[in-house]
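Okay, structure first, notes after.
The values are calculated or read from the model by the stated rules, or taken from the named source; none is laboratory data. Keep in mind that this is a model prediction, so the values were computed, not measured. Cβ: placed from backbone, ideal geometry, glycine included. Neighbour counts: every protein chain shown.
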Amino acid sequence: MNEKELIIDTCSSPNDPVVGAYVGIQIRHKPSKIVVKSVKMKTQHENRLEAMEKLKLELVKERFCSIDENDLVDGEQFFRELDSGKSY
């Protein structure tokens, strides 16, 4: 994932320290406009890692849901053609 495609912001969290620093993280993926947030961990670093995992999952879901069924190839047909030398 390209870091330039992300907007990473801090946000309030139930775990914010008294001094006013935010530990929650919100990540926006510019191309897909997907926004994820993590606020339940105790540090920004942990929330950033969790938010990145959430973003990866959402990107996979989006890609999976956008598969055109007409482009899918039957598995047996694929391996027969692969064995016969056809390249994809």
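What the table shows:
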read-out: Strands (runs of 3 or more DSSP E) within segment 1-50 that include 3 or more residues closer than 21 Å to Arg63 by Cβ and modelled with pLDDT of 95 or more; value: 24-29, 34-38
read-out: Test: residue in segment 73-88 that is among the hydrophobic types (A, V, I, L, M, F, W, C) and within 24 Å of the chain's Cα centre (by Cα); value: no
read-out: Lone qualifier among Ile25, Ile67, Ile7, Ile34 - being in contact with a Cys (Cβ under 9 Å, 6 or more places away or on another chain) and among the aliphatic types (A, V, I, L, M); value: Ile25
read-out: Checking Lys54 against (1) within 13 Å of Met1 (Cβ to Cβ); (2) modelled with pLDDT under 95, the condition it does not meet; value: (2)
read-out: Candidate set: segment 32-73, residues that are within 19 Å of Ser12 (Cα to Cα) and among the polar types (S, T, N, Q); chosen: the one surrounded by the fewest Cβ atoms within 10 Å (Cβ to Cβ); value: Thr43
